[in-house]
Amino acid sequence: MADRTRLVVVSCASLEAADSALAETRGLEGARDAAIVTRTERGRVELRQTHQVAAGEGVVAGGGVGFVAGMLLGGPVGGALLGMLGGGVWASRDTGLPDARLRELGESLRPGGALLCVLVPADGVAALREKLAAYGEVADADASAVP
């Protein structure tokens, strides 16, 4: 049977409320990814994902690994450059919650509003909904196709 994953979304009044709701999910068994989506006063949608590696972090990690590999193999500068390139490419993959879908959800927010989005196994939805009900309106949807 396929892994049934659900996307739980909480509509919060502010970024601070979304941060508090996110804190409630820490240590939640089985949570695959979480993100806070906000809309600035100027209307810009911003994403803060908790499990996705940023491209800069990938470049630094890849550069470090490439430098060490280069030292062992005799070409530290070339190894570091290849590692940085590989790290940036690796980090640019969209895993977990798709950015395009999060931005689409963010377009529905009023300026100053925020959403907390959490990917959880289907059997964890009821407990999560109960935990997050105090932070705003909670909804969930099937997300089994999310990588």
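The values are calculated or read from the model by the stated rules, or taken from the named source; none is laboratory data. Here the structure is a predicted model, which is why all the values come from computation and not from measurement. Using ideal geometry, Cβ is built from the backbone for each residue, glycine included, and neighbour counts are taken over all protein chains shown.
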Hey, Glu46 hits all of (1) among the acidic types (Asp, Glu); (2) exposed (fewer than 13 other Cβ atoms within 10 Å of the Cβ); (3) modelled with pLDDT of 90 or more but one; which does it fall short on? (2)
When the residues of region 6-21 are filtered to those that are over 15 Å from Arg129 (Cβ atoms) and crowded, with 17+ Cβ neighbours inside 10 Å, which remaining residue is nearest to the chain's Cα centre (by Cα)? Ala18
Report whether or not Leu116 is modelled with pLDDT of 50 or more, assigned to a loop (DSSP other than H, G, I, E, B) and under 22 Å from Glu24 (Cα atoms). no
